[in-house]
Amino acid sequence: LFPPPVDAGHRAVIFDRFRGVQDVVVGEGTHFLIPWVQKPIIFDCRSRPRNIPVITGSKDLQNVNITLRILFRPVTAQLPRIFTSIGEDYDERVLPSITTEILKSVVVRTA
């Protein structure tokens, strides 16, 4: 009957069937929602690690295996914008492409 409470380290964005995604980010605790009209989308806002392996070529045409470990977390004020433009799986969509390009530029500069 009641929506799940927002746990510590998490934030929620409210999706309203009539008004769309609201601009307010809801913090920790129990909040009241209108059933069947409003739905919470809960994001983990704690720092999380992620390892991304990249195979890239150096200047002398050698294959280089590099693994980058990233600690990331979303900006809580931007969660409604992140949800509407990218989605709930923002880390799966954004991080691999950014890290691949950064690691390739680092390998080109150092090798």
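The values are calculated or read from the model by the stated rules, or taken from the named source; none is laboratory data. Here the structure is a predicted model, which means the values were calculated and not measured. Glycine also receives a Cβ, built like all others from the backbone with ideal geometry; neighbour counts cover every protein chain displayed. What goes into the accessible areas is simple: the full protein's heavy atoms, side chains included, and nothing from ligands, DNA or RNA. Shrake-Rupley method; radii C 1.70, N 1.55, O 1.52, S 1.80 Å.
Structure values in brief
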quantity: Estimated FRET transfer efficiency when R0 is 22 angstrom, pair HIS31-VAL75 (beta carbons, to 0.05); calculated: 0.55
quantity: Simple label model, 7 Å out from Cα along Cβ direction - ILE52 to LYS39, nm; calculated: 2.9 nm
quantity: Dipole magnitude of the chain, debye to nearest 20 (Cβ charges: Lys/Arg +1, Asp/Glu -1, about Cα centre); calculated: 240 debye
quantity: Estimated inter-spin distance, ASP23 and LEU95, nm [label 7 Å along Cα→Cβ]; calculated: 3.0 nm
quantity: Helical mean residue ellipticity (222 nm; -39500 (n - 2.57) per DSSP H run of 4+; nearest 500) of the chain; calculated: -8000 deg cm²/dmol
quantity: Calculated semi-axes √(5λ) of the Cα gyration tensor in Å (choose from [x] 25, 17, 11; [y] 41, 14, 11; [z] 39, 13, 10), label; calculated: [z]
quantity: Accessible area expressed per residue, the chain, with surrounding protein chains retained (probe 1.4 Å, Å²); calculated: 70 Å²
quantity: Surface share of carbon and sulfur [accessible, 1.4 angstrom probe, percent] for segment 10-110; calculated: 55 percent
quantity: Within a Gaussian network of the chain (alpha carbon springs, distance under 10 Å), most fluctuating of ILE14, ILE66, ILE34; calculated: ILE34
quantity: The chain: most fluctuating residue of PRO53, PRO74, PRO35 per GNM, C-alpha cutoff 10 Å; calculated: PRO35
quantity: Computed FRET value (nearest 0.05) for VAL64 with THR84, which takes r as the C-beta separation and R₀ as 35 Å; calculated: 0.40
quantity: PHE43 accessible area, 1.4 Å probe, all protein chains in place, Å² to nearest 10; calculated: 10 Å²
quantity: Rounded Å value of the spacing that divides the Cα centres of segment 1-59 and segment 66-83; calculated: 12 Å
